[in-house]
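K.L.:
What follows is a structure written as structure tokens; I'll ask about it next.
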Amino acid sequence: MSTQSVTVIGMTCGHCATSVREEVGGLPGVRTVEVDLASGLVTIDSESRLDPAAISDAVAEAGYAVAS
């Protein structure tokens with residue numbers, strides 16, 4: 001089990017959080033995705049460590065960006 005966190009820029013509402021949760025949750029091996037809308041913090045629990053590029057791509061697919 002691996003836990004990773006990223007900060008996502010641009011989320012402003014519950015729909016934003018849901019979009020990010022669905023896209024990141026679709027990555028192979030992801031078990032849970034928690035989104036803190038106020039801080040932009042997205043915490044991902046997965047079976048093994050995810051490629052940061054795959055996380056960034058999933059967030060971009062939802063229409064947002066990962067803070068560098």
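The values are calculated or read from the model by the stated rules, or taken from the named source; none is laboratory data. Worth saying up front: this structure is predicted, and the values here are computed from it rather than measured. The protein model used for the area step is the full one, side chains on, heavy atoms only, and it has no ligands, DNA or RNA in it. Shrake-Rupley method; radii C 1.70, N 1.55, O 1.52, S 1.80 Å.
K.L.:
Give the angle, between 0 and 90 degrees and rounded to the nearest 10, that separates the Cα long axis of helix 52-61 from the longest principal axis of the Cα atoms of the chain.
P.N.:
Helix 52-61 sits at roughly 40 degrees to that axis.
K.L.:
Another one. Carbon-plus-sulfur fraction of the accessible area of the chain, 1.4 Å probe, in percent?
P.N.:
Values: 1900 of 3840 Å².
The value for the chain is 50 percent carbon and sulfur by accessible area.
K.L.:
Can you give me the P(r) profile for the chain? Cα pairs, bins 5 angstrom wide beginning at 0, each as a whole percent.
P.N.:
In whole percents, the pair-distance histogram is 4, 21, 35, 27, 11, 2.
K.L.:
So how tilted is helix 14-25 from the main axis of the chain? Cα-based, degrees 0 to 90, rounded to 10.
P.N.:
Here the helix axis deviates by roughly 20 degrees.
K.L.:
In Å², what does the accessible area per residue of segment 1-60 work out to with a 1.4 Å probe?
P.N.:
Numbers: 3290 Å² over 60 residues.
Each residue of segment 1-60 exposes 55 Å² on average to a 1.4 Å probe.
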